[in-house]
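**Student:** Structure in structure tokens, see below.
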Amino acid sequence: MNTQASETQPLRAPCLGRLENIYIKRDDLIHPIISGNKWRKLKFHLLEAERLNKKLLVTFGGGYSNHMVATACAAAAHGFKSACFVRGDELQAESNHFLQLAHLYGMQIIPVERSKYRDFKKELFEEYFGHKKEAYCIDEGGAGDLSSLGVEDIIGELPMVPDYIYHASATATTAVGLLSAIQKNPKFNATSVQSIAVLKNAEEQQLKTAHLGAGNSQIREGFEMGGYAKTNNELMEFVRTFIAETGILIDPIYTGKALWAIKKDIESGQLGEDKTVLFLHTGGMLGLFSKKMLGHWKP
Ligand SMILES: *Cc1c(COP(=O)(O)O)cnc(C)c1O
């Protein structure tokens with residue numbers, strides 16, 4: 001699995017407020033359309049699937065899942081077939097651009113009824129693929145230990161030791177990877193990871209990271225703006241300004257909310273001017289290219 005290291009660059013975005021030393025790690029550039037952190041999370045799954053001689057990657061996702069498309073693309077690029085159970089039996093491979101892309105990469109799309117999707121993932125896999133020795137199962141959203149392991153590389157790639165790392169957090173798999181890597185590397189002992197919850201599940205995320213008891217790192221709540229993929233005009237304006245000021249695309253679903261948290265922490269004085277901050281751009285461009293999102297900025 002070829003995930004090259006991504007670049008770290010100085011970030012100049014007046015809309016964030018006054019801060020001298022702010023950097024951005026461009027995991028969004030690892031792949032043109034697929035979330036950087038999804039590549040990182042798939043890395044060890046692909047190696048494991050290869051080692052076990054598997055031929056088919058099976059996973060789970062909502063109709064707008066970055067992980068689904070990432071799995072479809074990674075599978076195609078590495079000689080695997082792929083399939084995905086999709087939440088909602090009203091969906092088809094043509095329903096939106098996420099599903100269309102996944103399908104284009106050769107993924108078998110299997111829409112399932114919502115309650116069945118929620119409660120019977122193991123059974124679904126067994127029912128459809130249990131008899132197939134070549135099938136390898138990857139959790140919804142690419143959650144899990146093997147996925148976090150791939151994220152750990154990020155810390156080793158950093159050209160500096162930041163006081164703070166901010167990133168968008170949903171399943172806390174990325175957070176666990178960052179926190180584990182920091183724990184293993186004494187140089188980063190004082191670095192605080194600020195994992196910005198993009199949906200209302202901060203408590204669940206806190207449970208997943210609690211064993212890493214990481215100093216002043218935290219899962220942050222209060223930046224969800226009502227929940228997953230929910231936005232408001234203030235956030236949309238901020239996203240628009242950031243993109244126009246930097247030439248770097250962000251989306252209002254993940255990275256926009258994490259950058260918003262940086263802005264708010266600078267405003268409140270919680271982030272002192274002398275601090276070095278790293279923003280981890282986790283990618284997620286597909287979310288920006290939906291009608292609903294782009295329609296917001298109609299001239
Ligand atoms: C999936 C995703 C995240 C969340 O990563 P987790 O490991 O689930 O916390 C953050 N940013 C983007 C762009 C994503 O696609």
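The values are calculated or read from the model by the stated rules, or taken from the named source; none is laboratory data. Every value quoted in this text rests on a predicted model; they were computed, and no experiment measured them. Using ideal geometry, Cβ is built from the backbone for each residue, glycine included, and neighbour counts are taken over all protein chains shown. Only protein heavy atoms, including side chains, enter the accessible area calculation; ligands, DNA and RNA are left aside. Shrake-Rupley method; radii C 1.70, N 1.55, O 1.52, S 1.80 Å.
**Student:** Scan region 180-211 residue by residue and report those that are surrounded by fewer than 17 Cβ atoms within 10 Å (Cβ to Cβ) and among the hydrophobic types (A, V, I, L, M, F, W, C).
**Tutor:** Ala190, Leu207, Ala210
**Student:** Also, quick follow-up: Go through region 12-36 residue by residue and tally those that are within 16 Å of the ligand (Cβ to nearest atom), more than 21 Å from His103 (Cβ to Cβ) and open to solvent by 10 Å² or more (accessible area, probe 1.4 Å).
**Tutor:** 4
**Student:** Turning to a different aspect of this structure: Please verify whether region 51-73 includes one or more residues that are under 30 Å from Ala261 (Cα atoms) and assigned to a strand (DSSP E or B). Walk me through it before giving the result.
**Tutor:** At the first step, the residues of region 51-73 found to be under 30 Å from Ala261 (Cα atoms) are 60-71.
Narrowing the set further to residues that are assigned to a strand (DSSP E or B) leaves 60-61.
Yes, some residue in region 51-73 is under 30 Å from Ala261 (Cα atoms) and assigned to a strand (DSSP E or B).
**Student:** Right, something else. Which of the residues belonging to region 53-76 are more than 14 Å from the ligand (Cβ to nearest atom) and polar (S, T, N, Q)?
**Tutor:** Asn53
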